[in-house]
1. Once label points are set 7 Å from the Cα along Cα→Cβ at both Phe68 and Glu35, what is their separation, rounded to one decimal in nm?
2. Peptides 49-60, 71-82: what's the order by average Cβ count within 10 Å, highest mean first?
3. In whole Å, largest first, what are the principal axis extents of the Cα atoms in the range 10-83?
4. Only four residue types carry charge here, +1 at the Cβ of Lys and Arg and -1 at the Cβ of Asp and Glu. Report the dipole size of the chain about the Cα centre in Debye, rounded to the nearest 20.
Amino acid sequence: MKENQAKIDCAVFRNREPAIEDITAKINRAECVEEKAVFAAELQKEVDVLLSCADYDQSSLDCRNCRFIATLRSRTAGLIMRAKKLA
C-alpha cells in the first residue's frame, strides 16, 4: 500500500481498490476524452459496488471514509463522461 493512502479496514474496499487504481491509471494514460470515458464507465461500475455496500455502517469511520472516497471517484467518473458529450 502506498504511504500516502489511508488504511481502510474493509474487505470489500481492499478487494476493489487494486482494480480501481488500475482503471484510474488507465484514465490518466488515455490521450483522448473518448478513451477516458470508456475507462470512466468501468470506474463507475467499481465505485457503485462500494456505494451500495450491504455492510455499510454509519458509525464506522472506515465505512464513512470508504463512502467519501467512493463518492469522489464517482463524481470524477461522471465529469469525465460528461466531458465526452461536450467533445
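1. Here the answer is 3.4 nm between the modelled labels.
2. 71-82, 49-60
3. Cα spread of the range 10-83 along its principal axes, largest to smallest: 41, 21, 16 Å.
4. It works out to roughly 340 debye.
Every number in this text was worked out from the coordinates using simple rules, so none of it is lab data. Remember, predicted model here, so these are calculated numbers, not experimental data. For neighbour counting, all protein chains shown are included, and Cβ atoms are generated from backbone atoms with ideal geometry for every residue, glycine included.
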